[in-house]
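The values are calculated or read from the model by the stated rules, or taken from the named source; none is laboratory data. All values derive from a computational prediction rather than experimental measurement. Cβ: placed from backbone, ideal geometry, glycine included. Neighbour counts: every protein chain shown.
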Amino acid sequence: MLWNLLLLFLVFAAAKKKFNPYAAAIVFGVAEAGIYFFHTRNVVGACLEFAVYALLAAGLVYFLGRLDRKPATGNPYPTPGTDEKVSFRWEYIPLAALVLFLVFGETVIRFWLKAQNG
(Lines give C-alpha, C1' and ligand atoms only; values in the text may rest on other atoms or scores of the structure.)
Protein backbone atom coordinates (compact mmCIF):
# COMPACT_ATOMS: atom_id res chain seq x y z
CA MET A 1 0.00 0.00 0.00
CA LEU A 2 2.90 2.38 0.70
CA TRP A 3 4.21 1.70 -2.79
CA ASN A 4 0.79 2.62 -4.22
CA LEU A 5 0.86 5.92 -2.35
CA LEU A 6 4.32 6.76 -3.67
CA LEU A 7 3.27 5.97 -7.22
CA LEU A 8 0.10 7.99 -6.78
CA PHE A 9 2.16 11.01 -5.68
CA LEU A 10 4.15 10.57 -8.91
CA VAL A 11 0.95 10.82 -10.93
CA PHE A 12 -0.27 13.86 -8.94
CA ALA A 13 3.08 15.62 -9.33
CA ALA A 14 3.16 14.96 -13.07
CA ALA A 15 -0.40 16.27 -13.44
CA LYS A 16 0.40 19.46 -11.53
CA LYS A 17 3.76 20.13 -13.21
CA LYS A 18 2.35 19.54 -16.70
CA PHE A 19 5.04 16.92 -17.33
CA ASN A 20 3.16 14.51 -19.58
CA PRO A 21 0.83 13.15 -16.90
CA TYR A 22 -0.28 10.23 -19.05
CA ALA A 23 3.33 9.01 -19.13
CA ALA A 24 3.21 8.99 -15.32
CA ALA A 25 0.04 6.90 -15.53
CA ILE A 26 1.86 4.39 -17.74
CA VAL A 27 4.79 4.32 -15.29
CA PHE A 28 2.27 3.61 -12.51
CA GLY A 29 0.86 0.69 -14.52
CA VAL A 30 4.32 -0.67 -15.37
CA ALA A 31 5.41 -0.53 -11.73
CA GLU A 32 2.27 -2.33 -10.54
CA ALA A 33 2.65 -4.97 -13.26
CA GLY A 34 6.32 -5.42 -12.38
CA ILE A 35 5.50 -5.95 -8.72
CA TYR A 36 2.76 -8.43 -9.62
CA PHE A 37 5.05 -10.33 -12.01
CA PHE A 38 7.83 -10.43 -9.42
CA HIS A 39 5.50 -12.06 -6.88
CA THR A 40 3.59 -14.46 -9.14
CA ARG A 41 5.65 -15.00 -12.33
CA ASN A 42 2.36 -14.77 -14.23
CA VAL A 43 2.76 -12.80 -17.49
CA VAL A 44 -0.94 -12.68 -18.36
CA GLY A 45 -1.87 -11.46 -14.89
CA ALA A 46 0.89 -8.83 -15.04
CA CYS A 47 -0.40 -7.57 -18.40
CA LEU A 48 -3.92 -7.40 -16.98
CA GLU A 49 -2.62 -5.57 -13.91
CA PHE A 50 -0.79 -3.11 -16.17
CA ALA A 51 -3.92 -2.41 -18.21
CA VAL A 52 -6.16 -1.92 -15.19
CA TYR A 53 -3.82 0.32 -13.22
CA ALA A 54 -2.67 2.35 -16.23
CA LEU A 55 -6.30 3.02 -17.22
CA LEU A 56 -7.28 3.96 -13.67
CA ALA A 57 -4.31 6.31 -13.35
CA ALA A 58 -5.10 7.82 -16.77
CA GLY A 59 -8.66 8.43 -15.56
CA LEU A 60 -7.25 10.12 -12.49
CA VAL A 61 -5.13 12.40 -14.69
CA TYR A 62 -8.13 13.18 -16.89
CA PHE A 63 -10.34 14.22 -13.97
CA LEU A 64 -7.53 16.26 -12.41
CA GLY A 65 -7.21 18.09 -15.72
CA ARG A 66 -10.94 18.77 -15.78
CA LEU A 67 -10.78 20.24 -12.28
CA ASP A 68 -7.95 22.57 -13.30
CA ARG A 69 -10.06 24.19 -16.01
CA LYS A 70 -11.84 27.34 -14.97
CA PRO A 71 -15.57 27.30 -15.67
CA ALA A 72 -16.84 30.03 -17.99
CA THR A 73 -18.67 32.57 -15.85
CA GLY A 74 -19.97 34.71 -18.68
CA ASN A 75 -19.17 37.84 -16.68
CA PRO A 76 -16.19 39.71 -18.15
CA TYR A 77 -15.85 41.92 -15.06
CA PRO A 78 -16.59 39.86 -11.96
CA THR A 79 -17.34 41.62 -8.73
CA PRO A 80 -14.74 41.34 -5.97
CA GLY A 81 -15.01 38.19 -3.90
CA THR A 82 -17.01 36.13 -6.39
CA ASP A 83 -14.10 33.97 -7.45
CA GLU A 84 -13.39 32.98 -3.84
CA LYS A 85 -16.44 30.71 -3.64
CA VAL A 86 -15.88 27.02 -4.23
CA SER A 87 -18.78 25.11 -5.67
CA PHE A 88 -19.20 21.37 -5.82
CA ARG A 89 -18.19 19.84 -9.13
CA TRP A 90 -19.22 16.37 -10.26
CA GLU A 91 -15.59 15.47 -11.05
CA TYR A 92 -14.90 15.07 -7.32
CA ILE A 93 -16.92 11.83 -7.12
CA PRO A 94 -15.05 9.76 -9.75
CA LEU A 95 -11.76 11.32 -8.66
CA ALA A 96 -12.27 10.19 -5.06
CA ALA A 97 -13.33 6.71 -6.19
CA LEU A 98 -10.24 6.38 -8.39
CA VAL A 99 -7.90 7.48 -5.62
CA LEU A 100 -9.47 5.05 -3.15
CA PHE A 101 -9.26 2.16 -5.59
CA LEU A 102 -5.69 2.95 -6.63
CA VAL A 103 -4.56 3.00 -3.01
CA PHE A 104 -6.73 0.33 -1.35
CA GLY A 105 -8.18 -1.69 -4.25
CA GLU A 106 -5.44 -4.28 -4.40
CA THR A 107 -5.64 -4.92 -0.67
CA VAL A 108 -9.42 -5.28 -0.72
CA ILE A 109 -9.30 -7.68 -3.68
CA ARG A 110 -6.65 -9.86 -2.00
CA PHE A 111 -8.68 -10.10 1.23
CA TRP A 112 -11.79 -10.92 -0.78
CA LEU A 113 -9.97 -13.66 -2.73
CA LYS A 114 -8.58 -15.14 0.51
CA ALA A 115 -12.08 -15.21 1.96
CA GLN A 116 -13.41 -16.94 -1.16
CA ASN A 117 -10.66 -19.58 -1.16
CA GLY A 118 -10.94 -20.26 2.54
Could you please let me know if Arg89 is at pLDDT below 85, exposed (fewer than 11 other Cβ atoms within 10 Å of the Cβ) and on the phi < 0 side of the Ramachandran plot?
no
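Residue-wise test of (1) at pLDDT below 85; (2) under 15 Å from the mean Cα position of the chain (by Cα); (3) of a type in the set (S, T, N, Q).
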residue	(1), (2), (3)
Leu10	yes, yes, no
Phe19	yes, no, no
Arg41	no, no, no
Ala51	no, yes, no
Leu60	no, yes, no
Pro71	yes, no, no
Give the residues of segment 1-11 that are surrounded by fewer than 16 Cβ atoms within 10 Å (Cβ to Cβ) and either without any contact (Cβ under 8 Å) to a residue 60 or more places away in the chain or touching a strand residue (DSSP E or B) at 6+ places or on another chain (Cβ under 7 Å) (or both), sorted by residue number.
Leu2, Trp3, Leu6, Phe9
Just give me the residues in segment 31-63 being assigned to a helix (DSSP H, G or I) and surrounded by fewer than 16 Cβ atoms within 10 Å (Cβ to Cβ), in sequence order.
Gly34, Phe38, His39, Thr40, Val43, Val44, Gly45, Cys47, Leu48, Ala51, Leu55
